[in-house]
Amino acid sequence: MRLSELSEHSGVSTATIKFYLREGLLPPGRRISATQAEYGEHHLRRLRLVRALIQIGKVPVATAREVLSHVDDDSLGRTIRLGAALWALPQGNPPAEDLEDPEVAAATAELEELLTRLGWSNAQQIGALSPVYRSLAAGLATLRRLGFPGDLETLLPYARAMHELAERDLDALEALDSEAEQVETAVGSAVLFEPLLLSLRRLAQEEESARRYGY
């Protein structure tokens, strides 16, 4: 399809598509003349992901470019490729950088015990290399510092429920045709689906509260 058709099918203006092309967020089309290029379904798929990152997730262009560079890096193993793309996304809590801070050190020790109890040896092996791991440690440290519940026994059932969700996530990804599409979908879901899950959790809390206590 031509640029105008790509715009029509995607709902993205030609000016915005040209901007994404200039910024390296969208791969160039196949050149068919000095002034025209042809685009395919993978461009439509990439446009959906770029819109999810920038328009919905409010991810800066430079960060989106970094995420997409990992999405496209087929030299990486599948787990590292997926992890690197997700790690490049903004994290919920600022990563815990000061590992000498007593609260962070205590939270990190508790996190390690949690992973041991769960049998998540791969997560332990990656450890502090992962900004997700460090973000979780930072979140636990904040809970401890402010006196909110977040001890090992509180977290265990939540972590087990998250593992069931992860199994469902990976089962769905494996149904897709290519590894690139799997990583793209995982990144898009992190931006679009995780907020939906949070809203669903809160709605479930409202439902359960009404069931237990009435209105």
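The values are calculated or read from the model by the stated rules, or taken from the named source; none is laboratory data. These numbers were taken from a predicted model, which means no experiment stands behind them. Reconstructed Cβ throughout: ideal geometry from the backbone, glycine too, with neighbour counts over all protein chains shown. Keep in mind that these areas ignore ligands, DNA and RNA; they rest on the heavy atoms of the full protein, side chains included. Shrake-Rupley method; radii C 1.70, N 1.55, O 1.52, S 1.80 Å.
The figures follow:
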read-out	value
Test: residue in region 192-203 that is assigned to a helix (DSSP H, G or I) and in contact with a helix residue (DSSP H, G or I) (Cβ under 7 Å, 6 or more places away or on another chain)	yes
Filter result for Pro131 (open to solvent by 40 Å² or more (accessible area, probe 1.4 Å) and at pLDDT below 90)	no
Residue match in region 106-113 (condition: out of contact with any Pro (no Cβ under 6 Å at 6 or more places or on another chain), part of a helix (DSSP H, G or I), open to solvent by 70 Å² or more (accessible area, probe 1.4 Å) and modelled with pLDDT of 90 or more)	yes
Residue within region 23-32 that is surrounded by fewer than 13 Cβ atoms within 10 Å (Cβ to Cβ) and charged (D, E, K, R) present	yes
In region 1-17, the residues that are in contact with a helix residue (DSSP H, G or I) (Cβ under 8 Å, 6 or more places away or on another chain), surrounded by 12 or more Cβ atoms within 10 Å (Cβ to Cβ) and part of a helix (DSSP H, G or I)	Leu3, Leu6, Ser7, His9, Ser10, Thr14, Ile17
Residue in region 92-102 that is at pLDDT below 90 and crowded, with 18+ Cβ neighbours inside 10 Å present	yes
Among residues of region 39-89, those that are of a type in the set (A, V, I, L, M, F, W, C), part of a helix (DSSP H, G or I) and open to solvent by less than 30 Å² (accessible area, probe 1.4 Å), counted	12
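Residues checked against (1) open to solvent by 80 Å² or more (accessible area, probe 1.4 Å); (2) on the phi < 0 side of the Ramachandran plot; (3) assigned to a helix (DSSP H, G or I); (4) touching a residue at least 12 places away in the same chain (Cβ under 8 Å):
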position	(1), (2), (3), (4)
Arg117	yes, yes, yes, yes
Ala138	no, yes, yes, yes
Phe148	yes, yes, no, no
Ala166	no, yes, yes, no
Leu176	no, yes, no, no
Thr185	no, yes, yes, yes
